[in-house]
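The values are calculated or read from the model by the stated rules, or taken from the named source; none is laboratory data. Bear in mind that the values here come from a model prediction, so they are computed numbers and not experimental data. Every residue, glycine among them, receives a Cβ derived from its backbone with ideal geometry; neighbour counts consider all protein chains shown. Heads up: the accessible areas ignore ligands, DNA and RNA and are worked out on the full protein's heavy atoms, side chains in. Shrake-Rupley method; radii C 1.70, N 1.55, O 1.52, S 1.80 Å.
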Amino acid sequence: MFDLKLLLLELGLALILARLLGYAFDRAKQPAVIGEILAGIILGPFVMGNLFGFDILSPSINSSVEAIAYIGIVLLLFLSGIETGIGELKNSGKKGLITSAFDVGIAFLFGYIVGGMMGYDFIHRIAIGNIFSATSVGITVRTLMEMDALHTNVGNLILTVAVLDDILGIVVLSVTLGKGSVEMLLLKVLIFFAIFIVILYGLYKFQKAKIKANIPRFVLTSALAFCFIFSALAMSLGLAAITGSFFAGLLLSVIPQRRRITEFLHQVGDVFFIPLFFVWVGASFDFSAIHGLGTLILYFIPMALLGKIIGCSIGAKITGFNNRDALAVGVGMMPRMEVALIVATTEMSMGIFAGAMAHQILASTILLVIISSLITPFALKLVYKPPAKESNATNA
Amino acid sequence: MELKLKEIHDKKIRDILDERAKINLPVIEKDASIQSLLSILAARDHVWAVDKKGSRKVVGVVTEKDMLRLLAPARLPKYVFGKKYGVSIEYGTATKTEDVMCKQLITCSPDDNVGDALQKMVNAGLRRLPVIDGDEIVGEITAHYIIQILLGKR
């Protein structure tokens, strides 16, 4: 039964607590996202539910929050696509491409190996590989800013590779997690990208066209509608919804109204939908799953961190960085945040992980997110000493 | 005055374009340093970026509002994507006009109606449009300019 009163209460409490804890974490120079997840853990069935018998945000009672959370993911990836933009791809250059390829490749492989060590099936190994290949460099950018090293070669490569990683990671995800036989899957992916290119071409043409009609806020409404329809299309082709919305965002990054759409999405997304996703993830965190974690966590977190360090360092080394700088790139690419959580929940929603395993994987991913973003600033400061600022002095 | 506003709406942009303003357009080449960009912005409230010196092909724009964002202390949003959050004068990652300009422009042509151009500005939340003929900038329409026309000062 749909319970409006409960939903409203949940939304109100979740939003305000997420904002407050997010702010507290931000002040403590930690990612706000962790605060939002924490808000979910507090409000969820395992803290509030157990302590006070105050059962909100429990998946068994109300699934409306879950629906809003999924819309949050779709919007987040849409924003990610539109802010990344196709233009970035052209500017990324050979160094970025090589590093990113090694990075995603090796991180994926490490995930696959972890799955193997746990004795999981083929599909589950691939699913873990996908979680491992996601990066979110927010915390690294923040650290580099503090060290005043964002303008260095290392900083520049990290920013470029982070952009490419998202794209590469999502392409790998779409290809490896699709349902059906290999030939059918390949065909579906081809159809998806064919549609992508046709729409891209259409949008370039459309800009030249002169349209007289003036429907207020038509661009904003149609951008949202396009995002949802394109995601639905991706799903009907057996791909993930986030693949659809990310590529819908990439498509709309070519139109001149891009900035307006981004501003609008930030308002809607950052205030309402996206925090609710992280709260919901926190509320789904199952403390009872921790007992069963044992060996999984022993492999999962170190391997996830090592995969990135080794992959990026090899890539950066090949493109001509010295050992120390290459290692710094690797360490800087270590943190996992939004994308890893999104991939994990998407895999749950696609039914790849279910039951106890789903809880364990989600719990491991949340712990990975927290641990990796706690240790990255220290590790980065340890391995990387930015060069003296001479190049900057001439520009300033 | 109401009558006059309607009249202005129905005019072609070509007819109200100021020839003097055309010579005096604020332009800068896209690989100019931030310093030269700022020295223009010290006097003007926006600059059109062109692809190379002497060219009239507009590839971007930098407005006062963009600059405000770049001058304020760099602050990361909650969710960080793409490269643009790393672009900052403070941290030395933005060194050229190209790095800070808005690359996707909403433009109008000399044959558009003034009313349509104004509607475009309202829809997109802009206060200025470049007037593009073919590939080249031939002038600009700004809110100020329209007010001046309405008051008979032009």
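Using modelled backbone amide H atoms (1.01 Å from N, in-plane), which distant-in-sequence or interchain residues come within less than 5 Å of residue B:50's amide H?
For residue B:50, the qualifying residues are B:28, B:29, B:30, B:59.
Just the accessible area per residue of the range B:2-150, please: how many Å² with a 1.4 Å probe? Each step should come with its number before you reach the end.
Working: 7830 Å² over 149 residues.
For the range B:2-150, the per-residue accessible area is 53 Å².
Calculate, in nm to one decimal, what residue A:171 and residue A:54 gain on full extension: separation in residues at 0.36 nm each, minus their alpha carbon distance. Could the numbers behind the result be given before it?
Details: separation 117, 0.36 × 117 = 42.12 nm, distance 4.17 nm.
Stretched fully, the residue A:171-residue A:54 segment lengthens by 38.0 nm.
Obtain the nm distance between the two label points defined at residue A:183 and residue B:15 by a simple spin-label model: each point lies 7 Å from its Cα along the Cα-to-C-beta direction.
6.7 nm
So what's the back-of-envelope 222 nm ellipticity for chain A, counting only DSSP H runs of four-plus at -39500 (n - 2.57) apiece and dividing by all residues, rounded to 500? Before the final figure, lay out each step's value.
Working: 18 runs with 299 residues, N = 396.
My calculation for chain A gives -25000 deg cm²/dmol from helical runs alone.
Measure off, as a whole percent, the carbon and sulfur share of the 1.4 Å-probe accessible area of the protein assembly as shown, all protein chains present. All intermediate terms of the calculation are to be shown ahead of the outcome.
Working: 16040 of 25110 Å².
That share works out to 64 percent.
Quick check: from the Cα gyration tensor, does the range A:132-265 come out rounded (a/c under 1.5), prolate or oblate?
Working: a/c = 2.31, a/b = 1.17, b/c = 1.98.
It is oblate, given that a/c is not under 1.5 and a/b is not larger than b/c.
Provide the FRET efficiency to the nearest 0.05 for the residue A:197-residue A:268 pair, computing r from the beta carbons and using R0 = 35 Å.
On the way: r = 29 Å, r/R0 = 0.82.
The computed FRET efficiency comes out at 0.75.
Residues of the range A:80-117 that become at least 20 Å² less accessible with every protein chain present than in their own chain isolated, using 1.4 Å: which are they?
Output list: A:80, A:83, A:88.
For the pair residue B:5/residue A:206, report the inter-label distance in nm, with labels modelled 7 Å from Cα in the Cβ direction.
Reported label-point gap for residue B:5 and residue A:206 is 3.2 nm.
Which ³J(HN,Hα) values, rounded to whole Hz and listed in residue order, are derived for the range A:326-341 from phi using the Karplus coefficients 6.51, -1.76 and 1.60 in 6.51 cos²θ - 1.76 cosθ + 1.60 with θ = phi - 60°, glycine and proline given as x?
Taking θ as phi minus 60°, the curve returns 4, 5, 4, 4, x, 5, x, 8, 5, x, 10, 8, 3, 5, 4, 5 Hz for the range A:326-341.
Along the range A:87-98, what does the Karplus equation 6.51 cos²θ - 1.76 cosθ + 1.60 (θ = phi - 60°) give for ³J(HN,Hα), rounded to whole Hz, x for Gly and Pro?
Those phi angles translate into x, 4, 4, 5, 8, 6, x, 5, 4, x, 4, 5 Hz.
Structure shown: which of B:6/B:120; B:57/B:153; B:22/B:57 lie over 21 Å apart, alpha-carbon to alpha-carbon? Before the final figure, lay out each step's value.
Working: B:6/B:120 16 Å; B:57/B:153 30 Å; B:22/B:57 14 Å.
As for pairs spanning more than 21 Å Cα to Cα, those are B:57/B:153.
Per residue of chain B, what 222 nm ellipticity follows from adding -39500 (n - 2.57) for every DSSP H run with n ≥ 4, rounded to the nearest 500?
Details: 8 runs with 57 residues, N = 154.
It lands at -9500 deg cm²/dmol.
Report, in whole Å, the centroid distance computed from the Cα atoms of the range B:60-81 and the range B:17-48.
Here the answer is 20 Å between Cα centres.
Taking 30 Å as R0, compute the FRET efficiency from the Cβ-Cβ separation of residue A:322 and residue A:89 and round it to 0.05.
Values: r = 27 Å, r/R0 = 0.91.
Once rounded, the FRET efficiency stands at 0.65.
Across every pair of different alpha-carbon atoms, what Kirkwood hydrodynamic radius in Å does the range B:2-150 reach? Mind showing how you got there, number by number?
Numbers: mean 1/r = 0.0605 Å⁻¹.
Every distinct Cα pair counted, the radius reaches 16.5 Å.
Any residues in the range A:243-262 that have 30 Å² or more less accessible area with all protein chains than in their chain alone, probe 1.4 Å, and which are they?
Checking the loss per residue gives A:256, A:259, A:260.
Take every Cα-Cα pair in the protein assembly as shown and report what % of them are more than 35 Å apart. Write down the numbers at each step before the final one.
Details: 62222 of 150975 pairs.
Roughly 41 percent, rounded to a whole number.
Between their Cα atoms, which of A:95/A:317; B:30/B:52; A:94/B:96 are more than 18 Å away from each other?
Details: A:95/A:317 10 Å; B:30/B:52 7 Å; A:94/B:96 22 Å.
Over 18 Å apart, Cα to Cα: A:94/B:96.
Averaged over B:91-101, how many beta carbons belonging to a partner chain fall within 10 Å of each residue's beta carbon?
Details: counts 11, 12, 9, 2, 6, 1, 0, 0, 0, 0, 0.
Mean partner-chain Cβ count within 10 Å for B:91-101: 4.
Using a Gaussian network model of chain B with C-alpha springs under 10 Å, which one of B:65, B:57, B:96 is most mobile by mean-square fluctuation?
B:65
By a straight-distance test (C-alpha under 18 Å), which aspartates and glutamates pair with residue A:381 as possible cross-link partners, with residues fewer than eight away in the same chain excluded?
A:146, A:148, A:325
How big is the B/A interface in buried accessible area, both sides summed, 1.4 Å probe, to the nearest 100 Å²?
On the way: alone 10040 and 18220 Å², together 25110 Å².
Adding both sides of the contact gives about 3100 Å².
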